[in-house]
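What follows is a set of notes on a single structure, which appears directly below.
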Amino acid sequence: MTSLPAGHRVRVAALVRNEAGEILCVRHFNRGLPFWTLPGGAPKEGESLDAAIVREVAEETGCSISLKGVVGVGSLRTDRWTPAKIEIFFTAETTSRSLPRTPAGESIIDVRFFKREEIPDPFRPLEALAFATSVPSVSHVELELEDEA
């Protein structure tokens, strides 16, 4: 029997809407591939989850937000040898009137608002959870992406 690694990695992400109800997305370029995602990242040591998502959205998009609630919690394991990633999805609204901006020197190559039906692919798998639920209630999903080998 193979033992599983201890611990988990935590990531926060936000489903941020503007006054028109559009959703804020960021496009990353990582490992040679571009993909769209919700703004977010890992909390710093000692940082609350609320503070982490407010900071991450500001760093990645230049937008200020007002948190509204938690829309979902998910976990993802890419293989049996790495810790699971726990993702907490918040709902939020923009409080700034300025348009989002692409940060310099990051892996982010684009930032923009989309109507829900126009969200582009490819998108990260766990974020389907945030799009599938539109009310601030807690949901949970687990994805196992293990190789058969």
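The values are calculated or read from the model by the stated rules, or taken from the named source; none is laboratory data. From a predicted model like this one, the values you see are computed outputs, not experimental measurements. Glycine also receives a Cβ, built like all others from the backbone with ideal geometry; neighbour counts cover every protein chain displayed. SASA here: full protein model, heavy atoms, side chains in, ligands and nucleic acids out. Shrake-Rupley method; radii C 1.70, N 1.55, O 1.52, S 1.80 Å.
Below are the figures for this structure:
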{"item": "Efficiency of FRET between Glu19 and Arg80 - r from beta-carbon atoms, R0 41 angstrom, step 0.05", "result": "0.35"}
{"item": "Pair Arg27, Arg97: separation of 7 Å Cα→Cβ label points (nm)", "result": "2.8"}
{"item": "In the range 3-109, GluC sites (Glu not before Pro) in a DSSP loop with at most 10 other beta-carbon atoms within 10 Å", "result": "Glu19, Glu45"}
{"item": "Solvent exposure ordering (accessible area, 1.4 Å, most first) of His8, His28", "result": "His8, His28"}
{"item": "Cross-link reach list, lysines versus Lys85, counting only Cα pairs under 26 Å and skipping chain neighbours closer than eight places", "result": "Lys44, Lys68"}
